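Quick one: this structure, given as structure tokens, is what I'll be asking you about.
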Amino acid sequence: MEYTMIGKTASVCPVCLRQVAAERVLRGGDVFLRKTCAEHGDFETVLWRGVDDAFSNWLNAPQNEKDAPPQCPSGCADCDSHQNSTCCALVEITSRCNLRCPICFADAGGGAPDPSVAELENAFRELVDGGNTFVQLSGGEPTVRDDLPEIIAAARRAGVETVQLNSNGRRLAREPEFTQALANAGLSFVFLQFDGVTDDVYTTLRGEALFEEKRRAIEVCGGAGLGVTLVPTLVPGVNDGQIGAILDFAVSNSPVVRGVHFQPVSYFGRYPQPPRDADRITLPEVLRAIELQTQGKFKLKDFNPSSCDHPRCGFHGDFAVLPKGKLLKLTKKYDAAAACCDDAHLKNRAFVARRWTRDAEAERSDENSITENDDKPELSAFLRRVKSHGFTVSAMAFQDAYTLDLERLTRCSLSVFRDGK
């Protein structure tokens, strides 16, 4: 089948990780990344299934303005080719985990020693001094640390404004007192691993039946006043048929659940076998599944490409949940120029912190302010509802050594902070 070259970039060889030239090509209505390593040969991986008018702005993103690609993967931290500032800084506080998932982006479970609270507080101060006030605590599984409340408090002392916790939810569900201690220490919200609404999904992806434990974790977080964003890792043939069910579950658990953040599977960390194109699901496929599986409750036109990163990195939609589970679309019209502005990371940081953190005052004042039959509520009641029942649907297409496109990477706003870099 013939192909058309639609863009040049740089990538890495998935075997030796040396930087190689690459090109994006269109073939049969899909976009592929093609590259050749002089030592290890040719590679081709699907990036985008289905090219149509609905996604034309996403594919026709401005090209990298730099004359030469950054020196990835060896030049990080001292690189001057990056075009975007950090929105969210990820800090890994442990490599330990209380699960052994067959698929794990972090390849968690290693034996490296945990950094001390003092070491982490110094890291938080460095981040804040550099203008990074949105921190994501990750691992491994952060809740295996008994001193996690102290770590959260240390982040707050250092000036971190928003503290996000990545968690599988196991300890949150089993120890409500521990979850409450996290909230008391200043935790902003929880990013909860949530792959589906049936146990067979968890048995395949996580090695155990976990659905009831996930449900309990959400309940406990709700009791502690914490907002929860559900984070499904989407794997073709495993849970891509539950995209609509996950969204329905999330909406039904508003305002505790603040939204869903889909992560199409990427092949780094730990995974059972080398990937085929059939093992991947691309962003257009996720969006079409959202519309189809929710019977149009969410529509393609309700979503924009990422407003802080490269348009092919993800999407987002902003909503409010009304009585009876009705949805009010709040997504603004996409503005490519505004998305690339110098302070895009600050705007996105503020938006995420506002929408994913629960507003207890708004929830209290919102009680009974909008009834099921109230089609035209007062403006003040409407604004309270937007605050109390805000709901976002988003996705991030992580890159692995097969799909890495350095044009995209130069506009990434998610950074890992390690060893002062």
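The values are calculated or read from the model by the stated rules, or taken from the named source; none is laboratory data. Worth saying up front: this structure is predicted, and the values here are computed from it rather than measured. Note: ideal-geometry Cβ built from the backbone for every residue, glycine included; neighbour counts use all protein chains shown. Just the protein is used for accessible areas: all its heavy atoms, side chains included, with ligands, DNA and RNA removed. Shrake-Rupley method; radii C 1.70, N 1.55, O 1.52, S 1.80 Å.
How much length, in nm to one decimal, is gained on full extension between LYS326 and LYS301, taken as 0.36 nm per residue of separation minus their Cα-Cα distance?
Roughly 7.3 nm would be gained on extension.
Still on this structure, please answer the following. Points 7 angstrom from Cα along the Cβ direction at TYR334 and GLU2: gap in nanometres?
With each label point 7 Å from Cα toward Cβ, the separation is 2.8 nm.
Mean separation of Cα pairs under 8 Å and 6+ residues apart, divided by the residue count of the range 149-295: what relative contact order is that in percent?
Relative contact order of the range 149-295: 21 percent.
Something else: Taking every Cα atom in the range 253-339, find the radius of gyration and the maximum pairwise distance Dmax, and write them in Å.
15.3, 46
Strictly over 30 Å apart at the Cα level, which of LYS35/LYS332; LYS214/LYS421; LYS332/LYS421; LYS214/LYS324; LYS299/LYS347 would you flag in this model?
LYS35/LYS332; LYS214/LYS421; LYS332/LYS421, as the Cα separations exceed 30 Å there.
Using a simple spin-label model with points 7 Å from Cα along the Cα→Cβ vector, what separation in nm is obtained for ARG157 and GLU177?
About 2.4 nm, to one decimal.
How much length is gained on full extension from CYS16 to LEU292, taking 0.36 nm per residue of separation minus their Cα-Cα distance?
Separation in residues times 0.36 nm, less the Cα-Cα distance, equals 95.3 nm.
Per the Kirkwood treatment, what hydrodynamic radius in Å, one decimal, follows for the range 175-310 from the mean inverse distance over all distinct Cα pairs?
One over the average 1/r among Cα pairs gives 16.1 Å for the range 175-310.
Report relative contact order for the chain in percent, whole number only (criteria: Cα-Cα under 8 Å, sequence separation at least 6).
RCO, the chain: 19 percent.
What figure in square angstrom, to the nearest 10, would you give for the accessible area of GLU361 with a 1.4 Å probe?
Surface accessible to solvent at GLU361 totals approximately 130 Å².
Using 0.36 nm per residue, how much length does the chain from ALA112 to ASP419 gain when fully extended, once their Cα-Cα distance is taken away?
Fully extending the segment from ALA112 to ASP419 adds 109.1 nm.
Something else about it: How many percent of the accessible area of the chain is carbon or sulfur, using a 1.4 Å probe?
Result for the chain: 49 percent of the exposed heavy-atom area is carbon or sulfur.
Suppose all protein chains stay in the model; what accessible area per residue would a 1.4 Å probe give for the chain, in Å²?
Result: 45 Å² per residue.
If you take every residue apart from VAL238 with its C-beta less than 12 Å away from the C-beta of VAL238, what net charge results, scoring Lys and Arg +1 and Asp and Glu -1?
Here the count lands on -3.
Could you name the aspartates and glutamates whose alpha carbon sits less than 15 Å from that of LYS333, not counting residues in the same chain fewer than 8 places away?
Here the aspartates and glutamates satisfying the reach criterion relative to LYS333 are ASP302, ASP318.
When the helix-only estimate is applied to the chain (DSSP H runs of n ≥ 4, each -39,500 (n - 2.57), divided by the residue count), what is the mean residue ellipticity at 222 nm, nearest 500 deg cm²/dmol?
Theoretical 222 nm ellipticity from helices: -8000 deg cm²/dmol.
Considering only DSSP beta bridges whose two residues both sit in the chain, what percent are antiparallel, to the nearest 5?
Within the chain, antiparallel bridges account for around 55 percent of the total.
Got a number for the accessible area of PHE417? Probe 1.4 Å, square angstrom, nearest 10.
40
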